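Below you'll find the structure, written out as structure tokens, and then a few comments.
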Amino acid sequence: MKTIKGPAIFLAQFAGDKAPFHNLESIAHWAAGLGYKGVQIPSWDGRLFDLKRAAESKAYCDEVAGTLSRHGLHLTECRHTC
């Protein structure tokens, strides 16, 4: 049986050009500090996630997962909207 892991947060509403919201490492640290266990990453925001690179490289996907894991987080969803 699968279990829900959370709480999680959607990072799109916080992503920005200033720390700690300007890259995945910093925003992951911030989210973990607030007690979150999972994150939803917006795939359209290159500051946090490079969708094209992810499509071409499992190593990049593993790197993203590793970045989150270092902060005790896991990826709950990668969201893309048009």
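Taking every protein chain into account, the accessible area of the chain amounts to 65 square angstrom per residue (probe 1.4 Å). To make sure I understand the rule: partners must be aspartates and glutamates, Cα under 14 Å from the Cα of Lys37, and not fewer than 8 residues away in the same chain. Which ones qualify? List returned: Glu77.
Stretch Asp62-Phe10 to full length: gain in nm at 0.36 nm per residue minus the Cα-Cα span?
16.7 nm
The mean of 1/r over all distinct Cα pairs in the chain, once inverted, gives the Kirkwood hydrodynamic radius of 12.8 Å.
Phi-derived couplings, Karplus 6.51 cos²θ - 1.76 cosθ + 1.60 at θ = phi - 60°, listed residue by residue for the stretch 45-62: 9, x, 5, 10, 7, 9, 4, 4, 5, 5, 5, 9, 9, 5, 4, 5, 4, 5 Hz, with x used for Gly and Pro. Couplings 3J(HN,Hα) for the stretch 12-23, derived from phi with the Karplus relation 6.51 cos²θ - 1.76 cosθ + 1.60 (θ = phi - 60°), are 4, 5, 10, 4, x, 8, 10, 4, x, 9, 9, 7 Hz, where x marks Gly and Pro. Heavy-atom accessible area for Glu56, with the other protein chains in place and a 1.4 Å probe, reaches approximately 130 Å². Expressed as a whole percent, the accessible area of the chain that falls on carbon and sulfur atoms is 55 (1.4 Å probe).
Which of Gly38, Leu48, Cys61 sits closest to the plus end of the dipole of the chain, meaning its Cα is farthest towards the positive end, when Lys and Arg get +1 and Asp and Glu get -1 on the C-beta? The listed residue farthest towards the positive side: Gly38.
The values are calculated or read from the model by the stated rules, or taken from the named source; none is laboratory data. Here the structure is a predicted model, which is why all the values come from computation and not from measurement. When we count neighbours, we look across all protein chains shown, and the Cβ atoms used for this are built from the backbone with ideal geometry, even at glycine. Side chains are part of the model used for accessible areas, which takes the heavy atoms of the whole protein and leaves out ligands, DNA and RNA. Shrake-Rupley method; radii C 1.70, N 1.55, O 1.52, S 1.80 Å.
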